Every structure is written in structure tokens, then in C-alpha cells.
Amino acid sequence: MTQHQKTMNLSQTIAWLREHQDVLVLTHARPDGDAWGSAVAIRRLMERLGGSARIRLTGWLDPMMRELFPDEPVTFDDPNPPEAQAVVVVDTSAESQLDRDAGFCRSMEDRLLVIDHHAKGDQWAQSCVDATLPSTTALLAKLIIEAGLSLDQDLAEPLLLGLATDTGWFRHANADAGAFALAGRLIEAGARRDRLYQATEGAQHPARLSLMGTALGRLEWLAEGQIAITGLAHDDFVSAGAGAEVLAGVVNEPLSVRGCGVSLLCTEVTPGLVKVSLRSIPDEHGCPILDVAEFAAQFGGGGHRMAAGCRVPGDLSTAMATIRDALMATIS
Ligand SMILES: [Mn+2]
């Protein structure tokens with residue numbers, strides 16, 4: 001993973017999009033609200049620019065999120081290798097997050113464009129990355145405006161989905177003045193925030209509460225309560241009858257405790273492989289006590305300063321011991 005050096009500006013990116021037809025839109029495996037919103041928005045943008053695009057997803061997409069845009073042409077977990085004249089990858093530039101499409105993307109690199117807002121990722125021949133923005137959809141909004149298109153409901157709604165979910169519905173530190181200004185513009189353009197909120201926050205799986213209860217019951221506090229860590233083992237998921245997809249946002253819960261600045265949630269969905277989600281919030285000086293993206297990079301992961309992820313091999317207790325040791329070594 002390397003820091004992005006130079007990327008295409010908005011007008012170069014629009015020019016690239018205008019030049020390419022029959023575009024396949026990819027995003028990271030198990031798309032979240034920003035990934036799905038970005039995929040829908042770029043597909044609709046391509047259509048406005050006179051091209052055509054279709055979306056290919058891998059992993060799992062929340063059915064409620066799918067239902068927000070039910071008419072979008074999407075292939076899901078298609079085992080056949082994709083075919084396309086050109087490719088746009090949204091909301092990630094990390095090869096590892098592209099799962100089994102990573103090799104395909106490298107083979108298409110001369111006809112591939114990455115549009116992303118993550119500070120760390122892999123280098124690509126063509127990319128438009130702005131890590132100062134709270135969501136990939138915020139970058140797409142800039143592109144749409146740059147292209148001289150008006151924001152209408154069809155474009156604004158998927159854009160607001162990504163902006164709202166990546167900012168934790170405007171609660172996280174990345175919900176800056178620009179995020180609120182863009183939200184106002186999108187709502188003015190017809191984006192229905194109540195519909196988006198209901199689909200993302202008001203439609204949880206019952207297993208979420210039982211897994212969350214187990215995870216919160218096991219919370220460990222490190223560094224005098226500044227760091228919270230907990231985990232769920234493979235057996236926990238088996239008995240709950242659900243996977244980690246029902247746990248979105250649960251990692252943030254310990255951050256509601258006074259003095260807690262970092263939270264880690266370890267999940268062993270696949271036996272012997274533990275996925276770690278990391279979150280941090282700024283202290284009184286505006287700095288997180290731990291740059292979680294930097295920490296996750298030790299394990300080949302990545303993300304933002306305040307939200308990151310990585311994978312650690314081993315069963316839950318082995319992986320958590322590894323993480324605990326690394327945490328203590330990092331903050332001491
Ligand atoms: Mn994002």
C-alpha cells in the first residue's frame with residue numbers, strides 16, 4: 001500500500017469517462033453504502049455522458065440497500081470472468097479489496113479508472129483520488145458538477161446514500177462543512193433522506209442485537225480505558241445464524257464511553273481468519289490517539305486515520321493476542 005502521488009483532476013476524469021463506452025463498474029467486495037451509492041451514481045453519470053455502464057458486485061449487499069435502487073442493472077457474484085471495454089473502480093484503490101477481480105483489473109489497467117477517497121491504496125495508471133473528501137460520492141458530485149450536469153433526484157439520492165453512511169449520518173469527524181453543504185444541495189435536488197435512513201439504520205437484522213450483546217459483554221479496556229477491544233468467534237456467528245454483515249457500525253459503540261478514543265472489533269467469520277475493524281475519534285487537540293490506518297497497515301490492511309480494517313490469521317484468541325501486543329507496542 002502506498003500513498004497516492006498524483007491523480008487525474010476533475011476535468012481529465014470527465015474527459016476519460018466521455019471517451020469510454022461499455023463500462024463495467026466494480027467496487028470493493030461486500031459493498032457498503034458509499035460503494036453501492038457510488039456504483040449507482042457513476043452508472044447513471046455514464047448514461048448522462050452518452051455511454052453505458054453496468055455494475056458487478058461481489059460478496060454481499062444488504063437487500064434493503066439493493067431495494068433503494070431496484071432497477072439498476074447489477075450482476076451479483078457472477079462466477080464468470082467479467083467482460084468489458086473499460087472498467088471504473090469506485091470507493092477503493094486497494095487490490096486486496098477487489099477480491100477475485102484484482103487480477104482482471106490489473107490486466108485491464110490501460111482501460112481502467114479508479115475513483116476513490118481513501119488515503120492509502122495501490123497505484124493505478126489512471127486514478128482520481130481525493131482523500132480530503134468524506135465519501136466517494138462527494139467526489140462524484142464534484143465530477144457531475146464539473147461535467148456541467150444538473151443534480152437531480154436520480155443522481156442526488158445515491159450520492160446522499162454514500163455521503164450519509166460514510167459520515168455515520170453526519171456524526172463522524174469527516175462530516176465537515178463541505179459534507180453538510182453537499183447534503184443540503186442533494187436534499188434540495190430531491191434526495192429523500194428519510195428513505196435512505198430507513199433502509200440503512202432502521203432495518204436491522206435481529207441477530208445484530210444478540211451478536212452485539214455478546215461482543216459488548218466481552219469488551220476489554222486497554223491503556224487506562226482509552227482503547228476498547230472485543231471479538232466474536234466463529235461459533236458465535238454459527239449460533240446467531242448470521243455473519244458479520246449484520247454488525248455494521250457496532251465497532252463504534254465503545255466510543256460512546258468517556259475517555260475511549262479507539263475501538264477494535266475482531267470477527268472470526270471464517271474459521272482461522274480474523275477480520276479487525278478499527279475506529280478512532282479525535283482527542284481534545286483534534287488528533288486521534290492512534291492512526292488506525294497506519295496500525296492496520298502493519299497487518300496488510302488500510303483505510304483512513306480514523307477508520308480502518310485488516311485481517312489477521314489465527315483463531316479469535318490468537319489473533320486478538322497478536323493485536324493486543326501490537327497495540328501496546330504502538331502506543332507505548
Ligand atoms: Mn467510502
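Bear in mind these aren't lab numbers, they're just calculated from the coordinates by the rules spelled out. Predicted model only: the values in this text are computed from it and were never measured.
When all alpha-carbon pairs of the chain are counted, what percent fall beyond 26 Å?
Details: 25968 of 54946 pairs.
Above the 26 Å cut-off, the chain has 47 percent of its Cα pairs.
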Exercise for review: Give a residue-ordered list of calculated ³J(HN,Hα) values for segment 256-268 (Karplus: 6.51 cos²θ - 1.76 cosθ + 1.60, θ = phi - 60°; whole Hz; x for Gly, Pro).
Suggested key: 7, 8, 4, x, 7, x, 9, 9, 10, 10, 9, 10, 9
